[in-house]
Amino acid sequence: MKKTPAKPLPFRLLVLLLAGAALTLLFLALRKPAAQREDYRQIASRTYDTAFLSMYPTQYYSDEDFRHYLGLEVFRASYCMPGISVMEEYLEKIAASGNAVTTVYLGIRPDKTELSDFRALTAKYPSVAFEIILSYPSLDYWTGLSEKAYAQALAGYAAFLSEALDIPNVHLFFLGHREWLVANPGCYEDKWTVKSPIAKTILLESTILGEHFVTAENAALFYAGLESLTRKARTAPESFPDLSDYAFVFFGDSVIGNYTDSASIPGVVSGLSGAAVYNCGYGGNSAAQSSKFPVFLPGIADAFVRGDLSLLPQGEVVRQGVSSYLRDYPPGAFPENLVFVINYGLNDYFDGHRVDSESDPMDTATYSGAIRTAVATLRTAYPDARVILCTPSYCRYYENGTLPHGEGGYILTDYVDAILSLSEELHTDVLDTYHDLGADSGNWDQYLSPDQVHPNASYRYLIGKSLIRLLP
């Protein structure tokens with residue numbers, strides 16, 4: 001049978017159909033969230049060599065950190081993506097932008113992502129290296145789930161941690177099992193959004209330091225840590241006293257002064273208890289008098305009591321901490337409950353300062369004399385305040401602190417023992433961070449920073465948590 005040729009559409013109808021299609025596309029485009037539309041404009045107009053797309057909020061990740069630490073010019077999406085399909089749409093637009101992007105950072109929520117979809121996405125761009133930072137919600141997220149939703153969320157993480165490692169162009173990073181992060185409310189603005197300093201820590205530790213890199217050897221341990229931590233939070237949550245009517249003033253060396261965010265020792269105390277904290281640490285400083293610094297512990301205590309900032313060096317954390325305290329409590333004003341925490345000792349050991357003097361117990365050129373003097377100064381001005389002495393923490397350096405220093409041939413435990421003795425002599429509280437928190441020569445890498453001296457975030461979390469346990 002002979003077919004009748006199709007008649008062309010009338011011109012007017014064709015115009016109407018095309019106009020309708022254009023309006024439909026415009027309508028669909030306008031339905032996209034404003035943040036997504038702005039992202040698409042940025043993708044097309046900016047120059048960049050990497051991208052950061054995420055299913056959880058990333059507004060506190062700094063473009064400057066990518067530039068300064070990683071040497072990358074980043075396009076960081078402001079839109080928090082609901083799933084893989086939107087990520088795929090972004091990547092298509094990035095591929096069409098003309099930018100030579102060979103590395104893409106993805107913030108993935110395993111609870112919202114099918115592994116098969118993720119595989120398909122990464123397979124579509126085999127020449128791109130995908131750096132995946134798996135989501136790290138706070139414990140509030142995990143405790144708020146129904147048992148069914150909890151099991152499903154865990155299954156999503158288990159799948160990624162065990163099955164995504166064989167994807168050739170993918171690196172996985174995960175720290176959602178780290179107690180120091182997810183158990184500290186002070187690290188978060190909400191269940192999914194970490195604060196700016198923590199975002200920086202996550203970026204640097206995941207990329208430059210590789211501390212959270214998932215491998216075949218540690219994947220099961222990471223998952224076991226996640227399950228154990230979240231299950232405990234759901235069934236036997238750890239509680240802390242409400243210390244919102246307390247003020248803690250911390251004096252110390254770099255163990256205190258080098259960390260000023262919510263993962264610092266003062267930050268942990270504040271995050272878990274609600275206490276006001278004042279970080280008066282001084283990196284590199286010793287308790288005993290030293291020619292290396294213009295002021296040491298007794299002088300810092302004296303400056304604090306006098307409210308004399310001129311005695312403290314400009315730009316140092318100690319000056320900022322004392323200044324903050326004086327703003328809140330000017331002369332004549334007192335906190336309802338005041339606690340002084342003194343944490344010195346590592347630099348006294350490194351510098352070989354004498355531990356004590358037989359002739360003058362208040363000799364500030366000695367470790368014990370300096371601490372006695374500082375405690376006396378603080379107690380004279382604040383007789384009702386509590387004082388907590390902390391031993392120097394474990395360090396791997398100098399043969400685990402066993403290499404003798406100074407004319408007295410002191411080792412680290414000499415300073416630890418001095419604090420334990422001083423706490424009895426001066427009737428103070430004491431926290432033995434050296435013996436009681438689990439760090440030793442066999443597991444030091446779980447407790448110390450790569451420099452083998454400073455407590456890492458996990459160790460600092462234990463110290464902060466233990467300080468709270470001493471009160472009220």
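The values are calculated or read from the model by the stated rules, or taken from the named source; none is laboratory data. Everything numeric here is computed off the predicted structure, so don't read it as measured data. In this analysis, Cβ positions are derived from the backbone assuming ideal geometry, glycine residues included, and neighbour counts consider all displayed protein chains. With ligands, DNA and RNA removed, areas are computed over all heavy atoms of the protein, side chains included. Shrake-Rupley method; radii C 1.70, N 1.55, O 1.52, S 1.80 Å.
Dipole of region 255-396, Cα-centred, from +1 at each Lys and Arg C-beta and -1 at each Asp and Glu C-beta, to the nearest 20 debye?
Details: 9 positive and 13 negative charges, 38 e Å.
Charge dipole, region 255-396, about its Cα centre: 180 debye, nearest 20.
Dividing the alpha-carbon Rg of the chain by 2.2 N^0.38 Å yields what? Kindly include the intermediate steps, with their values, before the conclusion.
Values: Rg = 28.2 Å, N = 472, 2.2 N^0.38 = 22.8 Å.
Rg over 2.2 N^0.38 Å, computed on Cα atoms: 1.24.
Rounded to the nearest 500, what is the chain's calculated 222 nm mean residue ellipticity when only DSSP H runs of at least 4 contribute -39500 (n - 2.57) each, over all residues? Walk me through the numbers on the way to the answer.
Values: 19 runs with 205 residues, N = 472.
After summing the helix terms and dividing by residue count, I get -13000 deg cm²/dmol.
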Handout entry: Counting DSSP beta bridges with both ends in the chain, the antiparallel % (nearest 5)
Key = 10
Practice task
Pull out a ≥ b ≥ c, the square roots of the eigenvalues of the alpha-carbon gyration tensor of region 157-221, then state rounded if a/c is under 1.5, prolate if not and a/b is larger than b/c, and oblate in the remaining case.
Solution key: prolate
Problem - Positive-end residue, region 123-191 charge dipole about Cα centroid, Cβ charges, pick of LEU139, GLY156, ASN169 - result: ASN169
Problem - Accessible area (Å², 1.4 Å probe, nearest 10) - PHE293 - result: 50
Fill in the blank from the handout: Those GluC sites (Glu not before Pro) from region 337-410 that are DSSP loop and have at most 12 other Cβ neighbours within 10 Å turn out to be GLU358, GLU407
Exercise for the section: Can you send over the carbon and sulfur percentage of the accessible area for region 138-206, probe radius 1.4 Å, protein chains only? Expected result: 52
Handout entry: Dipole axis of the chain (+1 Lys, Arg; -1 Asp, Glu on Cβ), positive-most option in THR193, VAL214, LEU311
Key = THR193
Handout entry: Within region 53-165: Cβ-based charge dipole about Cα centre, in debye rounded to nearest 20 (Lys, Arg +1; Asp, Glu -1)
Key = 120
Handout entry: Ranking by accessible area, most exposed first, for SER393, SER97, SER85, SER359 with a 1.4 Å probe
Key = SER359, SER85, SER97, SER393
Problem - Accessible area expressed per residue, the chain, with surrounding protein chains retained (probe 1.4 Å, Å²) - result: 45
Fill in the blank from the handout: Here FRET efficiency (C-beta to C-beta, ARG234 to ALA34, R₀ 30 Å, nearest 0.05) is 0.20
Problem - Inter-label distance for GLU336 and ALA381, nm, one decimal - labels placed 7 Å from Cα along Cα-to-Cβ - result: 2.3
Completion exercise
Where a ≥ b ≥ c are root eigenvalues of the Cα gyration tensor, a/c under 1.5 meaning rounded, otherwise prolate if a/b exceeds b/c and oblate otherwise, region 326-472 counts as oblate
Problem - Nitroxide proxy distance, nm - points 7 Å out along Cα→Cβ at ASP360 and GLU407 - result: 1.4
Fill in the blank from the handout: Among ASN258, PHE296, ASN343, the residue whose Cα sits farthest towards the positive end of the charge dipole of region 240-351 (+1 at Cβ of Lys and Arg, -1 at Cβ of Asp and Glu, taken about the Cα centre) is PHE296
Practice task
Report relative contact order for the chain in percent, whole number only (criteria: Cα-Cα under 8 Å, sequence separation at least 6).
Solution key: 11
Handout entry: the chain, dipole about Cα centre (Lys/Arg Cβ +1, Asp/Glu Cβ -1), debye to the nearest 20
Key = 3300
Handout entry: Pairwise label distance in nanometres, GLN152 with HIS68, each label 7 Å out on the Cα-Cβ vector
Key = 4.2
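Which percent of the accessible area of region 334-463 is formed by carbon and sulfur heavy atoms (probe 1.4 angstrom)? Could you put the intermediate results ahead of the total?
On the way: 2480 of 5410 Å².
Looking at region 334-463 in its full context, I get 46 percent from C and S.
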Practice task
Please go through region 197-235 and write out the GluC sites (Glu not before Pro) that DSSP classes as loop and that have at most 13 other C-beta atoms within 10 Å.
Solution key: GLU217
